[in-house]
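Visitor: Here it is: the structure, laid out below.
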Amino acid sequence: MSFFLCGKCRSTEEKIVELDYSRCGLSDVPFDVYSSSRTLEVLHLEGNKLRDLSPQLFQCIDLKYLNVSDNEINSLPPLISKLTSLQVLVLSKNALVLDSLSPNLDKLSKLTTLDLSMNDLGKVPETVMNLINLQQLCLNDTGIDYIPANIGRLSNLRILELRDNYVEELPKSIRRLTNLQRLDVSDNNLNVFEEIGETHGNITELWLNGNNLEKLPITVSHLKKLNDFDASYNCLKTVPKELGQCMKLTNLILSFNNIESLPKSIGNLRNLQVLKLEANCLEELPDSLSKLLNLEELNVQNNALMNIPSGIGHLRKLGTLILSNNKLSYLPSEVGSCLNLSILNVHHNLLSKLPDEIGHLHKLTTLGLIGNRLSYLPITISKLSNLRALWLTPNQTQPLIHLQNDHLETGQVVLTSILFPQVPYSSNEEEEISVPQVPVVITPQPGKISFSADIGPTEARLSRTPTPYRKELRRLRHNLSGPGVTQIREAKVTNIASDFVPQEQYVHTHHHNNVKESTQFVTPKQPPPYYVAAAYSKNAHLFNDVIPVLKDGKPPPSPLEKPKKFSQQPANVNLLKPQPRTGPSWPFGTHKIRFVTEVELDDNFRDDFRILSKEDGVYVDFVKLNGSAFNKLQVGDKILGFDDIDISVLDPDSAYQQALKVINNARIVTVSRQLQNNDN
């Protein structure tokens, strides 16, 4: 009988083809892996505490999928060659270096996917170039600055990811990768991009954002299958007309450049659904924009637009239209034909009235009108039964506001309230002003408005999860030299505390408006963003040991051009207080932090200061003379948090939106301040 039981057990064991031990806190490979070695094909070990791969693991000769990402593995042994059936190998987020990768890696002839991202390699491993069957190669955030010419051997590659590195140019052999479908070289140091050609007709995704490109190649016209194209955060001044030949484009992102005009051929992109052009130098939009009949989102905020083409009324599928921070003096009446429009934002323009046709937008849920010159609203606003948020002013404090009918001298019936007419916020009415925004919600009863802090325009398209620490820290590390630097591999966040001696407070004397005053500055409850990034990095202690040398009392220039934006804050990180230094300055970021202070505000501080969103954070843009914030906050202060809410761990856009939600109720503002030269 026991014989048959053992046979039954063996039969059950032979059916085990997949094991998932991800995020179990393991420091060793569990025994079940060895006992199933004859049949195991898929093994998940990501998110544990493994330091090495035990020899018994390589007895699983039928293993096809192995994921050991997010561990502490510091070497890949020669026994890796035993896994001859392996097709997918994920080694990202470990402690691997170039010399710790076994040359036997190229024995995995069936390997189609290899992910070495977020390891401190410094160079592309030569053994990788021999894996000619690779279809996906990920080398994101590996510290590489050079792509070898023999990458052309990997002719089967469909996905090549090289983002967050220091690559300045791509080899011409890239043209031999004729099967490429996704090419991601974002956040590198590319000055030119001429390697795209007619051999790349299969590319559907092209990510060039975060480089130093001044122009796009005209050969982009060969990308007939291109769906997603992101060239934001570059130095582009023009858009080639050849881009209009990419007829299958659905998402086009050209934000944060220096683009002055768009080609008429942009109207040929009939499949385009998302077009983002914010933060450029556009003064007008081409009339051909009206041909984008499938467009669902158009964002042109922070430009110099003086008008919107009337053809916008043809965009019947348009759901989100963002026109904030331009120079618009009117909206075309044709905007009322965009019947699917749900979000319309025209904050901070020069509008003196709205067209009556806006009442045709029955799907409109959010209407933003802050910072214009409106004296009233058209009576047709009352027809917008789905309107839930009407943004009129940053100073609305009443839970209910009555919209009343009024008669103009011409006899026209309009809607008005105590919030009209809108008052300019500065003498320069065309100046960009960032102010807290509180939405007003229209209740079902006509003419009444109530408040909700949870409602506002939202944008969420094409978001990608970036690497978990900022690129400038890795660049600083890359430029540091000294004995033992390259041998330092990792540091546990929990062990960093002993390296820092937090200083509770210190007194600094400075001048403001010819008045000498002594101010007590206290280290914040939450650290500034670059410190969080350093603590989260595996090389955090490296920045403890190496301090930049000052010359003439001034810190060295920052190695950063543009900080990497975060879509989420690091998890499971001990947030440590930084140690203020009286000598060397804070070495991270373009905003050189001299000290961090907590400012306590009075009850009546509204309108005493304003905030502005910049590329690397949220800043104080205006402080009212003799207001409650005067002599406490200064223009140029970088805001790190409100009360116990830390916005320094968020990307600038999310930090700004969070700041707008809590600013009216905040009592303590944590800021970092840059000293004047005479304070150095």
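Visitor: What's the extension gain from Ser329 to Lys225 if we count 0.36 nm per residue and subtract their Cα-Cα distance? Before the final figure, lay out the partial values.
Guide: Details: separation 104, 0.36 × 104 = 37.44 nm, distance 3.95 nm.
Working it through step by step, the gained length comes to 33.5 nm.
Visitor: While we're looking at this one, here's another question. If we count every other residue with Cβ under 11 angstrom of Leu50's Cβ, Lys/Arg +1 and Asp/Glu -1, where does the sum land? Display every interim value, and only then the final one.
Guide: Details: positive: Lys49, Arg51; negative: Asp28, Glu46, Asp52, Asp70, Glu72.
Neighbour charge sum, excluding Leu50 itself: -3.
Visitor: Going highest first, how would you order 317-324, 26-33 by mean Cβ packing within 10 Å? Can you show the working numbers first?
Guide: Working: 317-324: 20.9, 26-33: 14.0.
Averaged packing, sorted descending, gives the order 317-324, 26-33.
Visitor: Return the subset of Lys15/Lys82; Lys353/Lys638; Lys123/Lys172; Lys215/Lys276; Lys123/Lys225; Lys327/Lys353 for which the Cα-Cα distance in this structure is over 24 Å, preserving the input order. Don't skip to the end; give the middle numbers.
Guide: Details: Lys15/Lys82 22 Å; Lys353/Lys638 36 Å; Lys123/Lys172 18 Å; Lys215/Lys276 18 Å; Lys123/Lys225 32 Å; Lys327/Lys353 14 Å.
Lys353/Lys638; Lys123/Lys225, as the Cα separations exceed 24 Å there.
Visitor: Next up: Keeping all protein chains in the complex and leaving out DNA, RNA and ligands, what accessible area do you get for Glu242 with a 1.4 Å probe, in Å² to the nearest 10?
Guide: That residue has around 40 Å² of solvent-accessible surface.
Visitor: Given a Förster radius of 30 Å and the C-beta distance between Asn189 and Met306 as r, what FRET efficiency does 1/(1 + (r/R0)^6) yield to the nearest 0.05? Show your work: numbers first, answer last.
Guide: Numbers: r = 36 Å, r/R0 = 1.20.
It comes out at approximately 0.25.
Visitor: Full extension from Ile668 to Asn212: what is 0.36 nm times the residue separation minus their Cα-Cα distance, to one decimal in nm?
Guide: Details: separation 456, 0.36 × 456 = 164.16 nm, distance 3.88 nm.
Length gained between Ile668 and Asn212: 160.3 nm.
Visitor: OK, next. If you add up the charges near Asp20, with Lys and Arg at +1 and Asp and Glu at -1, over every other residue whose beta carbon is less than 15 angstrom from its beta carbon, what do you get? Numbers along the way, then the final one.
Guide: Details: positive: Arg23, Lys64; negative: Glu18, Asp32, Glu41, Glu46, Asp70.
So the environment of Asp20 carries a net charge of -3.
Visitor: How many nm separate the modelled label positions at His362 and Asp32, each set 7 Å beyond the Cα in the direction of the Cβ?
Guide: Going by the 7 Å Cα→Cβ label model, 5.7 nm.
Visitor: Next question. Under a plain spin-label model, where a point goes 7 Å from the Cα along Cα-to-Cβ, how far apart in nm are Lys110 and Arg316?
Guide: 5.4 nm
Visitor: Hand me the chymotrypsin sites (Phe, Trp or Tyr not before Pro) from the range 307-399 located in a DSSP loop with no more than 16 other Cβ atoms within 10 Å, in residue order please. Show your work: numbers first, answer last.
Guide: Details: sites: Tyr330, Tyr376, Trp391; in loops: Tyr330, Tyr376.
Listed in order of number, the matching sites are Tyr330.
Visitor: Given the Cα atoms of the range 257-346, and with Rh set as the inverse mean 1/r over their pairs in the Kirkwood sense, what is Rg to Rh to two decimals? Write out the running numbers ahead of the final one.
Guide: Values: Rg = 11.7 Å, Rh = 12.8 Å.
With Rg and the Kirkwood Rh in hand, the quotient comes to 0.92.
The values are calculated or read from the model by the stated rules, or taken from the named source; none is laboratory data. Just so it is clear, the structure is predicted and the values come from calculations on it, not from any experiment. Every residue, glycine among them, receives a Cβ derived from its backbone with ideal geometry; neighbour counts consider all protein chains shown. Please note that ligands, DNA and RNA were not included when accessible areas were found on the heavy atoms of the full protein model with its side chains. Shrake-Rupley method; radii C 1.70, N 1.55, O 1.52, S 1.80 Å.
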